[in-house]
Every structure is written in C-alpha cells, then in structure tokens.
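These notes concern the structure reproduced below.
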C-alpha cells in the first residue's frame, strides 16, 4: 500500500501538484509548449483559477520542465548498470519489459518527448537534452558491458537506435494506427511489440558467432 | 539514382519556381508545422514578389503541404521496391545506402514527417497516411520475402521498428546532437550510422535464433 502523501485533497489520492502535472502533460503532448495556456491547465486540473496553480509552479516553463523531469528521471533508475552487472539477453529482455510497462502506462509521455524534441524555441532547447543525457550515459554504460557484435564507436548509435525502437512506437502511435490500420496501444499490439523488442534485443545485443563481428 | 545536386555536371539548370516554392515550404513546415506557417511567409522565403504567384502553382496551403510530402515520400517508395526486386545478399545494403543518402540530402523531410505524425488535424494526418501506406506495404513485402525468423504478425512491428531506426536518427538530429554531444550529420557520424544500420539489419533478418 502506498504511504499516505502529504496534502492529499482529492478523491483519487492525487495531490494538487500531481493533478496539475497530469493535466499539463496531456495538453503539452497534444499541442506543444506554445500551444497551451496556463489557464487551460488550471481548468483541466480542476482548479478554481490560475492563482492556485502559481502556488505550485513559478510559470509555464517551470510546469513544462517539471512534467518532463517527472517523466524521464525515473527511467534512469530503471536501467541497471555498475557493479557486477553484465548485460546479456536475459537482462535485455527484463529491461524491455520494464521500459514498455513504464511507457504503456504513460501514453502522453513519449508523445510529449517527441514534441519537445521538435521544439526549437531557444528557451526550451536545453530542457530535454539535459534530462536525457543521464539516461543516455547510463544506457551507454550498460551497453558497454554486453558481449555483443558492436565496436565501441558504434555504441552511441546502438543506444540511439534502441531509444528510437522503444519510444518511437508510442510517440508515433497516431501515425502507426493510420498506416498499419490497427491500434498500436491495444493490449494485443503492445504484447506483440513486447515480443518483437525482446527478439530484436536478443539479436542485436546477444553474443554472436565469430563471423558476426564485422 | 542521381541526386539533384550532382545532376547536369556542366550546366546548372535553374530550379523551377514550383521547386523553389516547394523547397521553402518544406523548410518552413518542418520547422514550424502546418499551422505555424503562413503562405505569405513561404512566398517571401521563396523570393516571390507576393502570394499571388504562389497561388498560380498551388491552390492553397493544404495543396502545397501535400505536394511537399508527396515530393519527399514518393521517391522512397521506389527505393523500397527496387530493393525487393534485387533479392540477393548485399541488396539490403544497397537499400539502406540509398535511404541514408536520400535522408541526409533531404534534411527537412524526416522532421516534416515526424511533425505531421503528431498533428491533430485529421485531414493532414490522412494526407500523410495516403503517401506512407504504399511505402509501408512495399516494405512489408520486402521483409516477408527476406525470410528470417519473424512470424507474419511480427512483420508490422519489424517494419515500424526499421522505420524508426532509419528515420529517427535524422528526424531527431537536433536532439541527438545535444544528448550525444557530437554532430550526427557529420560525414563520420553518418558513415558510422550506415555501418550500424547495415549490421543491425543483417542481425535482425539473419536466420540465427
């Protein structure tokens, strides 16, 4: 059972801060930073007015950064590494499960990250890379323990590749649905995506025969 | 498949007005999305005196947008189809080389597709879908013919995965640059990305369990 959070004042147990972040995440994912007004976030969060929102967040940018941080920071903890950890097919499969479960529960997050990646605004340009860098470094550390077919200088490309494989599916769900003509977020589709990713991870990262080291 | 930049070695043919407009529109739509760009801005970007000349070539903003997408995506369909008809070892290499070269030479396109994919507008989404569907269908055919360990129900996921691997690198190049702290579009980085993709595709399609 989750411990009782301070200042719980809503029926579903969420704090005001969480409700604001949930509303903001959805809106930012749908319209991007510029396309959302703080007023809309306040309304969606069930607040009487914007003033109560500003109790929790200094400005729109602070909300945006908090949403991204809330979504991305836990991912770093999900990637094992350090110590005697050795990356192999089994740990790769476990990681796929953990990442997929995380993203499937937060449908707005990958889309938000995709939008944030497209956002050129000077004042926003640093936000996302700053949050993703530790995730990338952790991923790189993990990959370098794998006894796979990759050279050291290819590992950044492998890391970026896995990012695109895992996040892209959810970030582009709308497009995928239209082109593939089936709902990529359905339980059955996610299940198939899970087995695809596990097989792909095994093939891309597992120990290979001698002739694969090209 | 000569790119426009190295065709006509002796005489550089001036680009048609239509192409110049499409270039400006492609850049602008990629940077700011459909809603974030006005026809007037595109006309200015294209060096036209006014919007009227633009409307000579394109009925309205939507028509312009569709023409940009069509111009960008249609050649990719031939790349995929050709890779399928040369079904021999090494032909997967050629397909990837063509794709990477094409995307590297058309830097706005992957971004444009990424933006279009996020777009709310049903109309715009359907324009993109209409163009991507043949690309996807051909891709599925090629993957099914390639053999390997995948079941039929895996193939859409494999196709989508390959799309993300190939396009994502270019669509997210700004983000990659900031996170990886090197330019993903430098010749060295692109050469490495080619190697990565070829090896990845061989591993994914290989018969090994």
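The values are calculated or read from the model by the stated rules, or taken from the named source; none is laboratory data. Since the model is a prediction, treat every value here as computed from it, not as a measurement. Methodologically, a virtual Cβ is constructed for each residue, glycine included, from the backbone with ideal geometry; neighbour enumeration extends over all protein chains shown.
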Checklist outcome for this item: Expected single match for at the interface with another protein chain (Cβ under 9 Å from one of its Cβ atoms), closer than 24 Å to residue A:194 by Cα, modelled with pLDDT of 90 or more and touching a helix residue (DSSP H, G or I) at 6+ places or on another chain (Cβ under 6 Å) among B:140, B:165 is B:165
Checklist outcome for this item: Among helices (runs of 4 or more DSSP H) entirely inside the range A:97-214, those with 1 or more residues being closer than 17 Å to residue B:163 by Cα and either in contact (Cβ under 8 Å) with a residue 24 or more places away in the chain or touching a strand residue (DSSP E or B) at 6+ places or on another chain (Cβ under 6 Å) (or both) are A:108-118, A:155-171, A:173-180, A:187-205
Checklist entry - Hey, does the range B:120-133 have a residue that's assigned to a loop (DSSP other than H, G, I, E, B), modelled with pLDDT under 95 and over 16 Å from the mean Cα position of the chain (by Cα)? => result yes
Next on the checklist: Looking only at the range A:141-191, how many residues end up being facing another protein chain (nearest Cβ under 7 Å), modelled with pLDDT of 95 or more and surrounded by fewer than 18 Cβ atoms within 10 Å (Cβ to Cβ)?
Outcome noted: 0
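If we only count helices (runs of 4 or more DSSP H) wholly inside the range B:136-209, which ones have 3 or more residues that are surrounded by fewer than 16 Cβ atoms within 10 Å (Cβ to Cβ)?
B:187-205
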